[in-house]
Amino acid sequence: MDLADDQSPTLFGPTRRRASPRSAPGEGSAGTLGGVPQSRGPLVRVVVERGIDDPALADGLTYRAIDDRVQVGDRVTVPLGRGAKATGGIVVAIEPGEAPAGVRLKNVIERSESRLLPSLIELARWMSRYYACPLGMVLSTMVPAAVKHGVGRRTERLVARAEGDGLPPVDGLAPSARRVWEKILALGQGVLPLHRRELLRRIGEPDARGLNALVRAGAMVEVARSVVRSAEAFWRSADEPAPPDGPSSVVSRGGLDAMPEPTCDQVRCVEGISARLGEFGVHVLRGVTGSGKTEVYLRLIDRVRSSGRSAVVLVPEISLTPQTVRRFEARFGSSGVAVLHSGLSSAQRHRHWLDAATGRARIVVGARSAVFAPVEQLGLVIVDEEHDTSYKQDQAPRYNGRDVAVKRAQVEGCPVVLGSATPSLESWNNVRTGRACLWELPHRVGGGTLPEVTVADLSEENRARARESGNKPSAGGPALRAIGPTLEHAIDGTLNDGGQVILLLNRRGFANYICCPSRVCGWLLVCDQCEAAMVLHRDARLPRGGVVVCHHCQSEQRVPPACPACGRPPLALGVGTQRVEEELVERFGASHGLALGDSLARVDSDTMRSARDYFETLGRFGRGQVRLMVGTQMISKGLDFPNVRLVGVVNADTAIWMPDFRAWERTFQLVSQVAGRAGRGREPGRVIVQTACPHNPAIRLAARHDYVTFADAELAIRREGGLPPSTRMARIVCRDEDDARAQAAAQRIGDQARREASGAVDVDGPRRCVLGRLSGQHRHAVELTARRASDIQRVLWALRTTKSVVSDAATAVDVDPISFL
């Protein structure tokens, strides 16, 4: 236990008495403190929800609890610092014994109703060490803000029968009161307490006179109950049925026990994983799109649930659609499923979290943060689309939800299932090295086949279009259209046949390159806060028809009327979803009746302002009201619409040449995932991939649906280059408005890291980041690479202990980074 005296600069108190040299800001007086009597509860260790990055205080501060009902995991409010600022924190330990004589401890101010499970505290300790982040920040992340602030909490007044001996007789009451009493007795045990109106409705009484008489006589009493009230979840008001898991499946809406007939592949996977329930193990479920991975999840959850245990299912935010949620509720009932994601209101998020914490819901489905769901007796963790980069948080603690899910399963002693059609190379490497068990679903449900994929060479198509028109390709000319002849003809034919079309372009806006037409001038419009080009967004309501936006810091500027260097009208080059949308209306508006916002929908973060917007658009697409949908990666996964007969990738090269060793892996995954949206019904599907790199392995093997060849070849390249997953990596980025200060800070960290490395860790840098300036901050990075994660952790711990690295606004520590911009 760390003891403290009031000479610590962060302590408060009237005296200045020395004690142990190891001081903690939470400790004060025993007996009285500034005239306030001390509580007589036990001593507790509290980790405050602050970024106190001091390894010496990693186990928290000592306080005196309010009473002896305190438990490990309770969320409490404690005084912190000289000003005794009320600060939230988590009780991580209960200290035996008493404080030494003369040590003055501060009181816990209050204890809230929310608490974390001991297993979650153990998980938080691991995350703090592994991700080099203060424990208080990790614990704060585990409890939603809506829960901390009690959003939606109300106190209800109910009535119940009085308890105890010597209940007042009712014989002397009026006949109406005696009649009400007899009806209440007939309700039996476990029905009360109830609201007055609900009780009167159940016993068939038109008014409350008899009930009020019972309350006055003491036979009935009023009780208070704290509840969380929220509106009905948005997905329960939609009228689309939950989709089947493949063409031959049938999902019952009438009973929880009805299940579709599984395929042989599904049975093999379910039986194999079920045999290992009750013990930790990592299971990679690789199933082609449409192979029924969700049905495997549902059957595994059913077995876990029947044994009295709980399950947590992680789904990428953009895949957590009403379609997905309704499938779980159709199988297990809406009251047994809690949903946690950003589309909920604060009150809804609080209620669902409370449902999980109290055991009313034993199945939790949610995005990244659902890995911290407070469910007890956890029997299974599932991570769907485990390769998705949205599982990585971009601010402290910079954790990967997939990896934390694996660790939580290990702490809880249960299996974790990582599902994907295109597993991450980290998971595939674990399969190849024997650290994970592989289960495969190689065929689509119902005998369906994977769609035929055509790779359209954009360079050749531009030349062909130019030859047809008799023109040379020129900026803005018809030969540089976003949609080439092959994709254009396929769209026309699909719409004629009554099918639906999905077009993917992972770049929003109208044009991403605004420049001077003169090669001599060379002017390019860049953000004044970032080293990044501005993007044109069309809007007829604005002057000059739009605005230019930085997609990194979100700053906006007016569209420049002329090049500031030479006065020429600027060019808007490049293709975004807005330009594609305009081209579609121009080409197919009259012939097929496509209209913006009606039968043609654009799905990106510009048009989808809320989760409700996104889900309503998907609902209209599912009902056939929208015939063609163009969008970013928001439409690349998690969608199951049987009438989608054509999927087009407008430009598969948007990420392929990014300065990132994972660029090819992400390109393969994106093309494969969006291709899987086609051909899920009775009609065959077709996919057309437009690219200027038709021979690139990522494009070529994705078109062949050949994941294994691509993954094994990419792993070999990574091993040869000493890159993850054959090695482990951490990245430290220093930020400052002054470039020289940022570089100097990175240099100090790099020098100290080299002294601590002992040859086991390769220290690279400092070097200026690819985006050397972001949101007004200059950025320099140091990268640590090692064969073992423990070597990385040893160096990071040394840097934190020596205060060379502090988790603050100027320094970002990213362990297992997925972005190198």
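At a glance:
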| quantity | calculated |
| --- | --- |
| Evaluated at q = 0.20, 0.21, 0.33 Å⁻¹: base-10 log I(q)/I(0), Debye formula over Cα of segment 194-233 | -0.71, -0.75, -1.15 |
| Zero-based 5 Å bins, Cα pair distances in segment 656-701, whole percents | 5, 20, 26, 23, 12, 8, 4, 2, 0 |
| Whether segment 100-150 is rounded, prolate or oblate, judged on the alpha carbon gyration tensor where a/c under 1.5 counts as rounded | oblate |
| Euclidean distance of C-alpha centroids, segment 519-582 and segment 642-670, integer Å | 25 Å |
| Spherically averaged projected area of segment 613-663 from its Cα convex hull (nm²) | 4.5 nm² |
| Mean-position separation - Cα centroids, segment 427-464 and segment 366-401, in angstrom | 25 Å |
| LYS85, LYS803, LYS407, reordered so the largest accessible area comes first (probe 1.4 Å) | LYS85, LYS803, LYS407 |
| Accessible-area order (highest first, 1.4 angstrom probe) of the listed residues ASP598, ASP355 | ASP598, ASP355 |
| Beta bridge orientation in the chain: antiparallel %, DSSP, nearest 5 | 55 percent |
| Heavy atoms of ASP762: accessible area, 1.4 Å probe, square angstrom to 10 | 100 Å² |
| Amide proton proximity set for TYR513, modelled H, under 5 Å, gap of 5+ | LEU536, LEU573 |
| Using alpha carbons only: equivalent-ellipsoid semi-axes of segment 671-821, gyration tensor based, whole Å | 39, 20, 13 |
| Estimated distance in nm for a label pair at ASP653 and ARG704, the labels positioned 7 Å out from Cα along Cα-to-Cβ | 2.2 nm |
| Convex hull per residue volume in Å³, alpha carbons only, for segment 578-691 | 117 Å³ |
| Local net charge near GLN793, Cβ-Cβ under 10 Å (Lys/Arg +1, Asp/Glu -1) | +3 |
| Cα-based convex hull, segment 78-176, per residue volume (Å³, whole number) | 264 Å³ |
| Simple spin-label estimate for SER605 and SER274 in nanometres, 7 Å along Cα-Cβ | 4.3 nm |
| Reach of LYS392 by Cα under 23 Å, taken over lysines that are not fewer than 8 positions away in the same chain | LYS293, LYS407, LYS637 |
| Segment GLU452-ASP739, extension gain: residue separation times 0.36 nm, minus the distance between their alpha carbons | 98.2 nm |
| For PHE332, net neighbour charge (Lys/Arg +1, Asp/Glu -1) across residues whose Cβ lies under 9 Å away | +1 |
| Heavy-atom SASA rank of ARG666, ARG64 (probe 1.4 Å, accessible area, largest first) | ARG666, ARG64 |
| Relative packing of peptides 629-638, 275-284 - highest average C-beta neighbours within 10 Å first | 629-638, 275-284 |
| Inter-probe distance in nm under a simple model that places probes 7 Å from Cα toward Cβ, at VAL223 and ALA713 | 6.8 nm |
| Segment 405-444, Rg to Rh (Cα coordinates; Rh as Kirkwood inverse mean 1/r) | 1.00 |
| q = 0.16 Å⁻¹: log10 I(q)/I(0) that the Debye formula gives for segment 523-639, counting C-alpha atoms only | -0.88 |
| Local electrostatic count at ALA711 - Lys and Arg +1, Asp and Glu -1, tallied over other residues with Cβ under 10 Å | -2 |
| Against the rule of thumb 2.2 N^0.38 Å, how large the Cα Rg of segment 246-398 comes out | 1.02 |
| Crossing angle, helix 458-469 versus the chain [Cα axis fit, 0-90 degrees, rounded to tens] | 50 degrees |
| For the chain, fraction of C-alpha pairs farther apart than 55 Å, in % | 19 percent |
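The values are calculated or read from the model by the stated rules, or taken from the named source; none is laboratory data. All values reported here derive from a predicted model rather than from experimental measurement. As a convention, Cβ positions derive from the backbone with ideal geometry for all residues, glycine included, and neighbour counts pool all protein chains shown. Side chains included, ligands, DNA and RNA excluded: accessible areas come from the protein's heavy atoms. Shrake-Rupley method; radii C 1.70, N 1.55, O 1.52, S 1.80 Å.
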